[in-house]
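The values are calculated or read from the model by the stated rules, or taken from the named source; none is laboratory data. Just so we're clear, the structure is a prediction, and the values are computed from it rather than from any experiment. Glycine also receives a Cβ, built like all others from the backbone with ideal geometry; neighbour counts cover every protein chain displayed. Heads up: the accessible areas ignore ligands, DNA and RNA and are worked out on the full protein's heavy atoms, side chains in. Shrake-Rupley method; radii C 1.70, N 1.55, O 1.52, S 1.80 Å.
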Amino acid sequence: MKETPFCLRIGHLIFSMSDSNMTDFTNPTTFILLGIPGLEAAHVWISIPFCTMYSIALLGNFIILFIVKRETSLHVPMYYFLCMLSVSDLILSTAILPKTLSIFWFHSREIDFGACLTQLYFIHTFLSIESGIFVAMALDRYVAICDPLRHSTVLTNPVVAKIGLAVVLRSGLLVLPMPMLARQWPYCRTNIIPHTHCEHMAVVKLACADTRISSYYGLSVVFLVTGLDSIFITASYTQILRAIFSLPRKDARLKTFGTCGSHLCAILAFYIPALFSFLTYRFGHSVALHFHVLIANAYLLMPPMLNPIIYGVKTRQIRDRLLQISTHKGP
């Protein structure tokens with residue numbers, strides 16, 4: 001059995017229990033991840049775009065972090081939130097891709113039960129964190145455009161740090177019951193997961209018990225996080241658009257709207273695949289299983305890859321600094 005990637009083992013002890021606590025039910029020692037069922041012969045070919053997306057995500061997000069750290073003019077709330085998004089993207093993509101690629105390349109399908117639950121926790125926590133960061137970025141744009149004179153006094157560095165901490169705590173605490181509940185179910189049917197990673201409902205469906213509480217809780221988290229966050233973002237941008245269209249000059253309207261362009265593109269890149277994946281999973285019962293798995297992977301891999309590209313292309317300060325670095329010119 002191949003070694004489980006480090007990022008899937010760092011939280012292993014959180015979900016480990018003593019043998020004395022396991023006498024009332026049966027749990028497998030390991031799960032078997034099939035990868036993409038029905039497309040096993042094409043796993044090596046499928047790994048090429050997956051590996052490419054992961055490489056772009058790693059390179060792009062590290063570049064964002066490097067540029068923001070080096071450029072003192074970017075030490076403002078908007079770019080602090082962007083750094084938080086980059087860190088979240090790095091952790092999210094690293095939580096799934098190394099194991100997925102080991103399945104594709106080395107047929108290393110086994111994953112320890114505790115590591116599986118840890119991966120489940122990391123995936124859903126950092127998806128929630130990304131959603132919360134988009135709300136924080138929408139708040140930043142709202143204050144900057146609708147009340148610019150108070151922007152520097154409202155979003156101070158301590159306030160930005162508190163917002164970031166609140167986003168992390170909200171996500172970590174809301175998602176924590178999901179693996180804890182999954183840990184309690186008896187798994188006496190099979191330990192085979194028809195997926196590339198330990199997705200919450202894919203794991204819970206293997207339990208031979210009434211798991212409606214897990215299903216309902218997972219659905220509640222989706223609505224509490226994604227649903228409420230999308231409402232807050234929509235409300236913020238409604239006010240932002242009203243403020244933009246009230247400006248008297250067309251060039252001023254275009255310039256102001258341009259400051260929101262990258263954020264809007266990143267939001268769409270996150271929420272559209274999420275909505276499509278959710279609808280496909282909940283209502284697309286006639287859709288082939290391999291399509292479900294591919295959509296779920298696209299939902300997790302596309303935002304970490306696209307976010308640095310979007311901000312690098314649409315944000316002039318990052319674009320200019322990147323050009324300076326690539327041409328070996330000083331600031």
Take the alpha-carbon centre of segment 77-95, take the same for segment 213-262, and report the distance between them in whole Å.
-> 19 Å
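Considering lysine pairs in the chain that are 8 or more places apart or on different chains, how many have Cα atoms under 25 Å apart? Write out the running numbers ahead of the final one.
Numbers: LYS2/LYS99; LYS69/LYS162; LYS69/LYS314; LYS69/LYS329; LYS99/LYS205; LYS250/LYS314; LYS255/LYS314; LYS314/LYS329.
Taking the Cα cut-off of 25 Å, the pair count is 8.
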Of PHE278, PHE50, which has the most accessible area with a 1.4 Å probe, and how do the rest follow in descending order?
-> PHE278, PHE50
Lys/Arg +1, Asp/Glu -1 at C-beta; the chain dipole; positive extreme among GLY218, LEU206, PHE31 = GLY218
Which value, in Å to one decimal place, does the Kirkwood hydrodynamic radius take for segment 109-228 when every pair of different Cα atoms is included?
-> 16.2 Å
Sorted from largest down, give the three principal axis spans of the alpha carbons of segment 39-86, whole angstrom values.
-> 50, 15, 8
Paramagnetic reach from ALA252 in segment 133-161 [backbone N under 14 Å; point 7 Å along Cα→Cβ] | 145-149
Can you give the Rg to Rh ratio of segment 39-171, both from alpha-carbon atoms, with Rh computed by the Kirkwood formula?
-> 1.09
Here, MET180 and LEU268, labelled 7 Å along Cα→Cβ, have an inter-label distance in nm of 4.0 nm
Suppose every K and R has +1 on its Cβ and every D and E has -1 on its Cβ; what is the size of the dipole of the chain about the Cα centre, in Debye to the nearest 20?
-> 1140 debye
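Which value, in Å to one decimal place, does the Kirkwood hydrodynamic radius take for segment 208-258 when every pair of different Cα atoms is included?
Working: mean 1/r = 0.0725 Å⁻¹.
Its Kirkwood hydrodynamic radius stands at 13.8 Å.
Could you tell me the relative contact order of the chain? Use alpha-carbon pairs under 8 Å, at least six residues apart, and round to a whole percent. Mind dumping the intermediate values first?
Numbers: 376 pairs, mean separation 89.7, N = 331.
About 27 percent, as a whole number.
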Can you give the extra length, in nm with one decimal, that the chain gains between ASN157 and GLN317 once fully stretched, where that is 0.36 nm per residue apart less the Cα-Cα distance?
-> 55.6 nm
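Set the Förster radius R0 to 22 Å, insert the Cβ-Cβ distance between TRP45 and LEU275 as r into 1/(1 + (r/R0)^6), and round the FRET efficiency to 0.05.
Efficiency for this residue pair is about 0.20.
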Sorted largest first, the Cα spans of the chain on the principal axes come out in Å as 68, 42, 40
Once you have all Cα-Cα distances for segment 189-331, histogram them in 10 Å bins from zero and send the whole-percent values.
-> 9, 26, 28, 19, 13, 4, 1
